[in-house]
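Colleague: Take a look at this one; I'll ask things after.
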Amino acid sequence: MVFSTVIFLCIFLPLTLIIYHILPWKLKNIYLLIASLIFYAWGEPKYVLCMLFTIAVDYFGALLISKDARGGKIYLIITVIINLLTLSFFKYTDFLVGNIRAVFPGALSFVPQIVMPIGISFYTFQGISYVVDVYRDKSIVRKDPLKLALYISMFPQLIAGPIVRYTDVNKKIDERKVTANDLALGAERFILGLFKKSVLANGIGAIADQIILGDISVMGTAVSWLGAIAYTLQIFYDFSGYSDMAIGIGKMLGFDFPENFNDPYISKSISEFWRRWHISLSSWFRDYVYIPLGGSRKGNVYINLFIVFLLTGIWHGAGWGFLLWGLWHGFFVILERVIRNKSKDKHKTSNIIKDAFLHIYTLLVVINGWVLFKIVSVRRTLSYLSVMYGLKKNLFTAFSPGYYLSGERCVLLIIAILGAFGVFSGLSAFIRKKAGGPVFTVLYRIFLILLLIISYVSVITGSYNPFIYFRF
């Protein structure tokens, strides 16, 4: 089940929230667990067993780790390996078999197509973080399997994050209260996220797909850039919108999920971009891969960064485009580290020209990276980039950018660009500070209701409704 669908918005979510808040405390967790399993089983019921297997592995692995101080490391390694093998089997078997068949036609014909369970990358990483934290004595072992199952399978963050650490929610699983303010804040966050996803991401995504998946042989440079920029905006609003909805629902259920985005497109370096983009994933790799490898304290810092971004690309998907996307970002993070280490000016000096240059540099790296991410096929990616930079002159270009930009789409693009650069969040903070009070509160709530109505209409009437991170 996906958040931006009629069945979720009109039936599942309202019923779940109403029943949840009516039930006595002793039934809330078990009800939320059942609701989460129904949510997951709605689209792929057979893969509930895969998730339950992962939960069982993490549950017994953590118990063994906590009971055997000497053998804890062995149990940790076994548990992590089982998790990663399960993830790899479902996520990468088709990719590996496909590449082998490309070299040796007819090989491995007995291997069936493997369908990846939705959200497996997210709940696998949550389970691994739990057992590692138990091993490190950063988290207590959860002896109640139902409560551990609730942590891993909780529906708001189950299929597309944010990746929640057990230490973020363990106390709230045992005891939590939801105030009227929590409900209001959660509803506000959910509405904003739904608008991002259903209106902005879907509206702009239609432009991106129409161009990027179109015929490159009749594409001009301006159109190719429009497609790349549209996808840059689409993936931001698609993923951050989902994260906002997840955080909002969590708030309405009494949980405080971690933030996942912090205006990433205002970054002035790729290193800063990764401190603002998919924060829960980048912090996961920092704490469970980068630091254990030695981090920046040892001489192999560049190798460590290379490994982290290689794994980041692999985590996102089984395809050469994802792998190259991870290495692309890793190259620039390492390059920035080398330049910073060799720079005589260790103190950060700032001026308008320098900041503008760094911002443009970062956006260019990110936009080009999203082309790798979107297209996946290396050959097609190179053709598309060749058109973007005028290296491939098509004799005939079918359409100009104006063909793809109706009045409505132009408005969406302007709103999306302003929002991506933090204009609206800054304006909202300024208004709250200067003109706060009951009048502003009423007007703001009316505004949210309008956004909700627009979003519902968009979901009900729209036919284009992908969720990009849904497949990871």
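Colleague: Those residues that are buried (at least 18 other Cβ atoms within 10 Å of the Cβ) and either outside the structural domain of Trp225 (by TED's automatic domain parsing) or not β-branched (Val, Ile, Thr) (or both), I need them from segment 369-382; list them, please.
Modeller: Selection gives Gly369, Trp370, Leu372, Phe373, Lys374.
Colleague: Right, another one. Between Gly205, Gly193, Gly241, which is under 30 Å from Ser383 (Cα atoms) and either part of a helix (DSSP H, G or I) or without any contact (Cβ under 8 Å) to a residue 12 or more places away in the chain (or both)?
Modeller: Gly205
Colleague: Which ones in segment 129-147 are surrounded by 23 or more Cβ atoms within 10 Å (Cβ to Cβ) and hydrophobic (A, V, I, L, M, F, W, C)?
Modeller: Val131, Val134
Colleague: A further question on this structure: Can you name every residue in segment 402-442 that is at pLDDT 80 or above, part of a helix (DSSP H, G or I) and of a type in the set (A, V, I, L, M)?
Modeller: Those that are at pLDDT 80 or above, part of a helix (DSSP H, G or I) and of a type in the set (A, V, I, L, M): Val411, Leu412, Leu413, Ile414, Ile415, Ala416, Ile417, Leu418, Ala420, Val423, Val442.
Colleague: Kindly indicate which of Gly294, Gly254, Gly227, Gly248 is modelled with pLDDT under 95 and either in the same structural domain as Phe190 (by TED's automatic domain parsing) or in contact with a Phe, Trp or Tyr (Cβ under 8 Å, 6 or more places away or on another chain) (or both).
Modeller: After applying the criteria, what remains is Gly294.
Colleague: Moving on. Within segment 1-21, take every residue that is more than 26 Å from the chain's Cα centre (by Cα) and not aliphatic (A, V, I, L, M) and give me the one that is surrounded by the most Cβ atoms within 10 Å (Cβ to Cβ).
Modeller: The extreme case among them is Tyr20.
Colleague: Which one is modelled with the lowest pLDDT among residues in segment 46-78 that are over 14 Å from Pro145 (Cβ atoms) and within 23 Å of the chain's Cα centre (by Cα)?
Modeller: If we take residues in segment 46-78 being over 14 Å from Pro145 (Cβ atoms) and within 23 Å of the chain's Cα centre (by Cα), then Tyr47 is modelled with the lowest pLDDT.
Colleague: So Ser350 passes all but one of these: (1) at pLDDT below 95; (2) polar (S, T, N, Q); (3) touching an Asp or Glu at 6+ places or on another chain (Cβ under 9 Å). Which condition number does it fail?
Modeller: (3)
The values are calculated or read from the model by the stated rules, or taken from the named source; none is laboratory data. As the structure is a prediction and not an experimental result, all values here were calculated from the model. We place every Cβ from the backbone using ideal geometry, glycine too, and count neighbours over all the protein chains shown.
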